Structure formats: structure tokens, C-alpha cells
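Comments concern the structure below.
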Amino acid sequence: MPKYSITVNGTIRAVDVPADTPLLWVLRDELDLTGTKYGCGTGQCRSCAVHLDGEIAYACLVTIQSIGDQEVLTIEGLSDDLSHPVQKAWLDVDVPQCGWCQPGQVMTAAALLEEHPSPTDEQIDEWMSPVLCRCGTYGRIRTAIHRAARGGDR
Ligand code: FES
Ligand code: FES
């Protein structure tokens, strides 16, 4: 009998793992959803950003036992066909370099636009600068977020 049932990307998934297992490892190792990236495991890099009931959460810090009825959204669930405005803008602007941080960037940008549909540069920097990108893609991230906010126009 699985110990936990959680809703991930709209589907109820059952897992049998210890109570203190981080959501990050449930997603990656139990559910084969490897889009959510491991960087630090301590809440510092934010590469593991997902949405929990629409709010940003860091999957390395969230234990399976704490999720309850909250709905988990990962990068795989943002759209079926890369049609989310943030994904489209990311592709149009060609944001990624190595790609390691990008799922966390995209999930954070999607949450930012939910809260601030027309964000200022300052709001973008406040939200996005803590999501560490060792490749320095922040300029393109800012451009892509403005593009997504405008509905895809340059
Ligand atoms: S892996 Fe979660 S914040 Fe770095
Ligand atoms: S694209 Fe390489 S770490 Fe961000």
C-alpha cells in the first residue's frame, strides 16, 4: 500500500517513500520527472523550483509528508507542447545556455507573471536574480519575461 498520494501535473501519483523524502527526489527518482533539477539541496540555488498550489516552492526543501492536498506543478506540466507564454518567449529569445538552471527559471518566471502580469525590470530582477545561473543568462531572461508579458510581441 503506497504511503503517499500526491497530485502532480494534474495526475494523482502514489509513492512509497520515507516521510522526510524531499519532493525533488520523489519527482526525479520515483516519478521519472527529471525536468526539475538538483543544484544544492539546501534552498540556495532555486534550480528545483516547482509550483505548489500555484506558489513557488523549492522541491529540495519540501518533504513528501508536508504536501498533503497541495497540487504540484513541474516544468513537465506547464504545457503539453511548449505553448505556455514563458516557454514560447524562452524559445523566441533563445534564453538557455547550458540549461542547468532553466527549469527553475521558467517556473519562477511563470509564477512572477501570475503575480505581476506586466512586471517592471526591478520586479523581474527581484524574482529572478536569486535563481542562480552560472552562465549569466539574466539579460535574456529579462527580455523573455517582458516578451511573454506582452503576449509574444517583440
Ligand atoms: S536544489 Fe533546491 S534550491 Fe538548490
Ligand atoms: S543556463 Fe547554464 S546555469 Fe543557467
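Residues of the range 62-83 that are assigned to a loop (DSSP other than H, G, I, E, B), closer than 21 Å to Ser47 by Cβ and not aliphatic (A, V, I, L, M): Gln70, Thr74, Ser79.
When Val131, Val93 are checked against the criterion of being farther than 20 Å from Thr36 by Cβ and surrounded by 19 or more Cβ atoms within 10 Å (Cβ to Cβ), a single residue qualifies: Val93.
Of the residues making up the range 20-61, those that are part of a loop (DSSP other than H, G, I, E, B) and either of a type in the set (Val, Ile, Thr) or assigned by TED's automatic domain parsing to the domain that holds Gln102 (or both) number 4.
Determine which single condition Tyr38 fails, assuming it passes every other condition in (1) hydroxyl-bearing (Ser, Thr, Tyr); (2) more than 20 Å from Ile141 (Cβ to Cβ); (3) exposed (fewer than 14 other Cβ atoms within 10 Å of the Cβ). Among (1) hydroxyl-bearing (Ser, Thr, Tyr); (2) more than 20 Å from Ile141 (Cβ to Cβ); (3) exposed (fewer than 14 other Cβ atoms within 10 Å of the Cβ), the lone unmet condition for Tyr38 is (3). Per the conditions (1) surrounded by 19 or more Cβ atoms within 10 Å (Cβ to Cβ); (2) assigned to a loop (DSSP other than H, G, I, E, B); (3) more than 15 Å from ligand 1 (Cβ to nearest atom), the sole criterion not satisfied by Val86 is (2). When residues in the range 111-154 are screened for being closer than 21 Å to His51 by Cα and not in a helix (DSSP H, G or I), 9 of them pass. Criterion applied to Cys40, Cys98 was being within 16 Å of ligand 1 (Cβ to nearest atom), closer than 21 Å to Met128 by Cβ and touching a residue at least 24 places away in the same chain (Cβ under 8 Å), and the one residue passing it is Cys98.
Selection of the range 8-33 for residues being more than 13 Å from ligand 1 (Cβ to nearest atom) and under 17 Å from Met107 (Cα atoms) yields Val8, Asn9, Gly10, Leu33.
The values are calculated or read from the model by the stated rules, or taken from the named source; none is laboratory data. Computed from a predicted model, the values in this text were never measured in an experiment. Counting neighbours? That spans all protein chains shown, and the Cβs are built from the backbone with ideal geometry, glycine included.
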